[in-house]
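Have a look at the structure below before the remarks.
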Amino acid sequence: MTEQPYKRPRRFIAGVVCPKCNEMDKTVMFTNDEGDEVRECVACGFHQTYAQHAAEEQAQQELATRVTPAGKTVLDEGEQPLKIIGFGTVDPKQK
């Protein structure tokens, strides 16, 4: 009697869009023989490990926006009280 190799379960991930073919709900997750988490598209065959994904994310730079422009340091001056002009306590004698 030959022993069957353990087949790892594949789980479909709802709502995920494949980065290669843009198909929704075609991505499965599983653990490969080396123990890495892998995502794979059943429509186009896209295959990526978690380590590859993390390396790509780290390589991408933060986009320069109007809020955090490139080359400018964002300074946080700490908490300060908010002063609302024209909205204060009214003295009843002034009416």
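The values are calculated or read from the model by the stated rules, or taken from the named source; none is laboratory data. Being a predicted model, the structure only gives us computed values, none of them experimental. Backbone-built Cβ (ideal geometry, glycine too); neighbour counts: all protein chains shown.
Residue count for region 13-54, restricted to those that are in contact with a Gly (Cβ under 9 Å, 6 or more places away or on another chain) and in a strand (DSSP E or B): 1.
Just need a number here: residues in region 61-95 that are modelled with pLDDT of 75 or more and not aliphatic (A, V, I, L, M).
Qualifying residue count for the region: 6.
The single condition from (1) at pLDDT 75 or above; (2) surrounded by 10 or more Cβ atoms within 10 Å (Cβ to Cβ); (3) more than 15 Å from Arg8 (Cβ to Cβ) that Asp36 fails is (3). Scanning region 39-59 for residues that are modelled with pLDDT of 90 or more and surrounded by fewer than 12 Cβ atoms within 10 Å (Cβ to Cβ) yields one hit, Gly45.
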